[in-house]
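K.L.:
This is the structure I have questions about; it appears just below.
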Amino acid sequence: MTMFELEFMQRALIAGLLTGLSAPAIGTYLVQRRLSLMGDGIGHIAITGVALGLLTGSAPVLTAVIVSIAGATAIELVRARGKATGDVALALLFYGGIAGGVLLIGLAGQGAATLNTYLFGSLTTVSQSDLYVVVGLAVAVLVVAIGLGPQLFAVCQDEEFARTTGLRVQLLNLVIAVMAAVTVTVAMRTVGLLLVSALMVVPVATAQQITRSFRSTFVTACIIGVLACLAGIVTSYNANVAPGATIVVLALAGFVVAATVGTLLRRRAGRPLADEEPEVGVPAPEPHVVSAGHPHAHSQDCGHKKVDHGDHVDYVHDGHLHAAHGDHWDEH
């Protein structure tokens, strides 16, 4: 229990709590829009922001926020105007961000050790000023994610429908991109820039295994994110390993457990799984075929085997069952 008396651990736990809430909150919308890798791309360009802060001697967190928002806005505008597809724009963000960050880090005279604290997170580097910035940004993300929930969900679900209802789709898409950029900066100190996308996606994917509505997925993902962050920070302190990797591993373990439990619950409830194959050994029903014609009308004296069903009689001819329906015969 002595770890909780350490000031840097208290700051790290508060930052982890806010990260665990804000990352899955905005991640739910990204997953719904099928842009799960956007957080990863923004994390790469945030490296340039961190390096710019180190080069100019200003706060790396603030410069990372500015550069991340600029990059997220650029990728959304490129995607929306059709100049490049979403994956191409993300690729440009990936390469440009990491290249610019490494170049500026070298110009700033900083070594790999300094860069690693931002790439994979570090408990001891969360300063009091960093904590103030993280608290303010995390609160802003949560207010927007919850306050604009219905509008953001409508845009993520169907942009065309949202546009016909009068929503400003382009503006709301920019809001999601900006909030994703802010979230990356919030998680930079605890999870790290390279692993922040996992905390935005894995808790949401985990929640989807055991929930059936968007709202329940949102709440459950935030709970899972908080548990993963707090448990990962405590575990990383005791094991003396990077907190970001520990948090992500615990989140992935939760996904495995949730996927197993969800599969068992669906099987028990009798609901087929999405990827479940048809049961082996059950023949497919034979098609309903109208007979091409007969050289004679079937009757009791035609010589063909008849099958009496009480209210009507069917006849077997050439290995097929012919049923009379007044104006035609059906062949089965």
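The values are calculated or read from the model by the stated rules, or taken from the named source; none is laboratory data. If you're wondering where the values come from, they're calculated on a predicted model, not measured in any experiment. Please note: Cβ atoms are built from the backbone with ideal geometry, for glycine as well, and neighbour counts cover all protein chains shown. To get the accessible areas, we keep the full protein, side chains included, count just its heavy atoms, and leave off ligands, DNA and RNA. Shrake-Rupley method; radii C 1.70, N 1.55, O 1.52, S 1.80 Å.
K.L.:
Quick one: if the Förster radius is 25 Å, what FRET efficiency do Ile146 and Ala239 give, using the C-beta to C-beta distance and rounding to 0.05?
P.N.:
0.15
K.L.:
Label-point separation (nm) for Leu103 and Leu252, each offset 7 Å from Cα along Cα-to-Cβ?
P.N.:
3.2
K.L.:
Would you mind getting the accessible area per residue of region 93-137, heavy atoms of the protein chains only, 1.4 Å probe, in Å²?
P.N.:
Ligands and nucleic acids excluded, the result is 49 Å² per residue.
K.L.:
Quick check on packing: order 191-197, 203-209, 116-122, 258-264 by the mean number of other C-beta atoms within 10 Å, highest mean leading. Mind showing how you got there, number by number?
P.N.:
On the way: 191-197: 27.9, 203-209: 24.9, 116-122: 22.0, 258-264: 13.9.
Taking the mean over residues of other Cβ atoms within 10 Å, the ranking is 191-197, 203-209, 116-122, 258-264.
K.L.:
Working out 0.36 nm times the residue gap between Ala59 and Val261, then minus their Cα-Cα distance, what length gain in nm do you get to one decimal?
P.N.:
Stretched out fully, the Ala59 to Val261 stretch lengthens by 68.3 nm.
K.L.:
Starting from the residue with the highest accessible area, list Ile224, Ile247, Ile98 in decreasing order, probe 1.4 Å.
P.N.:
Values: Ile224 35, Ile247 0, Ile98 60 Å².
Result of the area sort, largest leading: Ile98, Ile224, Ile247.
K.L.:
Can you tell me the relative contact order of region 7-263? Whole percent, Cα pairs under 8 Å, sequence separation 6 or more.
P.N.:
33
K.L.:
Which of rounded, prolate, oblate describes region 7-263, given a ≥ b ≥ c as roots of the alpha-carbon gyration tensor eigenvalues and a/c under 1.5 marking rounded, otherwise prolate only if a/b is larger than b/c?
P.N.:
The shape class here is oblate.
K.L.:
Check each of the trypsin sites (Lys or Arg not before Pro) in region 18-82 and keep only those in coil by DSSP with at most 15 other C-beta atoms within 10 angstrom; list them in order.
P.N.:
Here the sparse-neighbourhood loop sites are Arg34, Arg81.
K.L.:
Can you pull out the trypsin sites (Lys or Arg not before Pro) in region 182-273 that DSSP calls coil and that have at most 10 other Cβ atoms within 10 Å?
P.N.:
Arg212
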